[in-house]
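K.L.:
Okay, handing you the structure first.
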Amino acid sequence: MRREMEGKDNPKAGHRFSASFKTGAIALAFLIIGYQVALFVGASARERIVANRDNPDTVFVYVRPEAEESGPGSVESGKDSRTGNPARHATSKEDAVRRSVHSPAADKIYRKVSPRRYESFRFNPNTATVDELMRLGFSEKQALSIDSYRKKGGKFRRPDDFSRSYVVSDTLFERLRPYIDIPLLDLNSADSSAFDALPGIGPYFAAKMVEYRRILHGYSYPEQLMEIRHFDEEKYDSVKDLVTVGEHPPYPLWTLPEDSLRRHPYITDSEARGIVLFRENSPRGEWSVDALSRAGVLVGEDARRLLRCRIASPD
């Protein structure tokens, strides 16, 4: 009864903390402190990684050539006289310089937490590396998405194709547009598979484009594609901004025999004979396609088309 009365008279008696509660509170306090320390150490480590990448250490190592006179610190008999250890001989300028190398994990942290620095430089969206795309302003996820699209066979034929990618924002594309450099396809060096990849071409016309190039002795201007049977203006318009005409050996008009000349699509049998007669009866200094036209050897459309071709000099 007395203990009960004391409990009633002492209001603080029911509020005493148990030993287990005190232990738990102390443990929670240490856990919070440990978490804060971990955050601080992690932030410091990330800052250190960024600092090391932004200001990398470079160690220059110089080894005195063996041909030089021996002396303190010189290299003799393959040993460093200062340490007695085997000497590391520099065989080239590159071999004498050792630069800091960062682990892939450090590089990943650097890309994730370092301030984004955007650059603008000429690039081909079909071949730019993931690192180059990130330097241009894409996030790592966006750059990997573009790379995945390419690995699955995707190709950017025109700058506007790149702009239609869902990871390329309008603002970013407008900044990068002047720097997009997608090489044109050379009609004189591309193979049939490259022609086949052009929009609207396919294997049939790809083979015809290669064959007509052989007959022409090389394309001299892109419009010659429309001379291929069924290769109409609409098909030409779909590829004209994707192709170019590179260098090729000029057509040897002044040295070929009559039977070879008549195989050219711009030269008929009678015109081939007339070219041979013209060469036999005219001074070499007067040989030209324009002279053949004036002499009536080449007439009409044949003359106009041959005038646009790359012809070997008669000299």
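K.L.:
Considering 96, 106, which residue is touching a strand residue (DSSP E or B) at 6+ places or on another chain (Cβ under 8 Å), surrounded by 13 or more Cβ atoms within 10 Å (Cβ to Cβ) and modelled with pLDDT under 95?
P.N.:
Details: 106 fails: touching a strand residue (DSSP E or B) at 6+ places or on another chain (Cβ under 8 Å).
Among 96, 106, only 96 is touching a strand residue (DSSP E or B) at 6+ places or on another chain (Cβ under 8 Å), surrounded by 13 or more Cβ atoms within 10 Å (Cβ to Cβ) and modelled with pLDDT under 95.
K.L.:
Oh, and also: Suppose we keep only residues that are of a type outside the set (A, V, I, L, M, F, W, C) and under 13 Å from residue 274 (Cβ atoms) within region 286-302. Which one would you say is nearest to the chain's Cα centre (by Cα)? Steps first, answer last, please.
P.N.:
At the first step, the residues of region 286-302 found to be of a type outside the set (A, V, I, L, M, F, W, C) are 286, 288, 290, 293-294, 296, 300-302.
Narrowing the set further to residues that are under 13 Å from residue 274 (Cβ atoms) leaves 293-294, 296, 302.
Numbers: 293: 48, 294: 51, 296: 52, 302: 43 Å.
For region 286-302, the residue satisfying everything is 302.
K.L.:
Further question on the same structure: Quick check on region 303-314. Is at least one of its residues under 43 Å from the mean Cα position of the chain (by Cα) and more than 25 Å from residue 187 (Cβ to Cβ)?
P.N.:
yes
K.L.:
Shifting gears a bit: Consider region 171-206. How many of its residues are polar (S, T, N, Q) and touching a Gly at 6+ places or on another chain (Cβ under 9 Å)?
P.N.:
Count: 2.
K.L.:
Give me a count of the residues in region 12-35 that are open to solvent by 100 Å² or more (accessible area, probe 1.4 Å), at pLDDT below 80 and in a helix (DSSP H, G or I).
P.N.:
5
K.L.:
Something else now. What residue, among those in region 144-186 that are among the aliphatic types (A, V, I, L, M) and more than 13 Å from the chain's Cα centre (by Cα), is farthest from residue 209 (Cα to Cα)? Even if it seems obvious, please write down each step before you answer.
P.N.:
Pass one, region 144-186, residues among the aliphatic types (A, V, I, L, M): 144, 146, 167-168, 172, 176, 180, 182, 184-185.
After this cut, where a residue has to be more than 13 Å from the chain's Cα centre (by Cα) as well, the list is 144, 167-168, 172, 176, 184-185.
Numbers: 144: 36, 167: 36, 168: 35, 172: 37, 176: 34, 184: 16, 185: 13 Å.
If we take residues in region 144-186 being among the aliphatic types (A, V, I, L, M) and more than 13 Å from the chain's Cα centre (by Cα), then 172 is farthest from residue 209 (Cα to Cα).
K.L.:
Which pairs do you get when a residue that is closer than 13 Å to residue 253 by Cβ and β-branched (Val, Ile, Thr), found in region 263-290, comes within reach of a residue that is part of a helix (DSSP H, G or I) and open to solvent by less than 70 Å² (accessible area, probe 1.4 Å), reach meaning Cβ atoms under 6 angstrom, with the pair 6+ apart or on two chains?
P.N.:
267/261; 275/261; 276/258; 289/306
K.L.:
List the number of the failed condition for residue 288; all other conditions in (1) within 29 Å of residue 181 (Cα to Cα); (2) open to solvent by 20 Å² or more (accessible area, probe 1.4 Å) hold.
P.N.:
All conditions are met except number (1).
K.L.:
Oh, and also: If the requirement is being open to solvent by 30 Å² or more (accessible area, probe 1.4 Å), touching a Phe, Trp or Tyr at 6+ places or on another chain (Cβ under 8 Å) and more than 30 Å from residue 229 (Cβ to Cβ), which of these qualifies: 181, 170?
P.N.:
181
K.L.:
Would you be able to tell me the number of residues in region 113-134 that are surrounded by 12 or more Cβ atoms within 10 Å (Cβ to Cβ) and modelled with pLDDT under 75?
P.N.:
The total comes to 2.
K.L.:
Of the residues in region 201-211, how many are of a type in the set (A, V, I, L, M, F, W, C) and open to solvent by less than 40 Å² (accessible area, probe 1.4 Å)? Let's see the steps before the verdict.
P.N.:
Quick first cut of region 201-211, residues of a type in the set (A, V, I, L, M, F, W, C) only: 201, 205-207, 209-210.
With the extra rule that they be open to solvent by less than 40 Å² (accessible area, probe 1.4 Å), the set shrinks to 201, 205-206, 209.
The total comes to 4.
K.L.:
Separate question: Restricting the search to region 147-168, which residues are assigned to a helix (DSSP H, G or I) and within 17 Å of residue 179 (Cα to Cα)? If you could, list the steps in order and put the result at the bottom.
P.N.:
As a first pass, look at region 147-168 and keep what is assigned to a helix (DSSP H, G or I): 147-151, 159-163.
Across region 147-168, the qualifying residues are 159, 160, 161, 162, 163.
K.L.:
Turning to a different aspect of this structure: What number of residues within region 212-268 are surrounded by 14 or more Cβ atoms within 10 Å (Cβ to Cβ), under 30 Å from residue 280 (Cα atoms) and under 31 Å from the mean Cα position of the chain (by Cα)?
P.N.:
Residues that pass the stated criteria total 5.
K.L.:
Here's a check for you: in region 135-167, which residue that is of a type in the set (A, V, I, L, M) and touching a residue at least 24 places away in the same chain (Cβ under 8 Å) is least open to solvent (accessible area, probe 1.4 Å)?
P.N.:
As a first pass, look at region 135-167 and keep what is of a type in the set (A, V, I, L, M): 136, 143-144, 146, 167.
Imposing the further condition that a residue be touching a residue at least 24 places away in the same chain (Cβ under 8 Å) reduces the set to 136, 167.
Details: 136: 0, 167: 16 Å².
So, considering only residues that are of a type in the set (A, V, I, L, M) and touching a residue at least 24 places away in the same chain (Cβ under 8 Å), the one least open to solvent (accessible area, probe 1.4 Å) is 136.
K.L.:
So, one more: Quick check, is residue 198 open to solvent by less than 50 Å² (accessible area, probe 1.4 Å) and in contact with a helix residue (DSSP H, G or I) (Cβ under 7 Å, 6 or more places away or on another chain)? Reasoning before the result, please.
P.N.:
Working: open to solvent by less than 50 Å² (accessible area, probe 1.4 Å): yes; in contact with a helix residue (DSSP H, G or I) (Cβ under 7 Å, 6 or more places away or on another chain): no.
No.
The values are calculated or read from the model by the stated rules, or taken from the named source; none is laboratory data. Remember, it's a predicted structure, so these values are computed and weren't measured experimentally. Here Cβ is always computed from backbone atoms with ideal geometry, including for glycine, and neighbour counts include all displayed protein chains. Accessible surface is based on the protein model in full, side chains and every heavy atom, while ligands, DNA and RNA are left aside. Shrake-Rupley method; radii C 1.70, N 1.55, O 1.52, S 1.80 Å.
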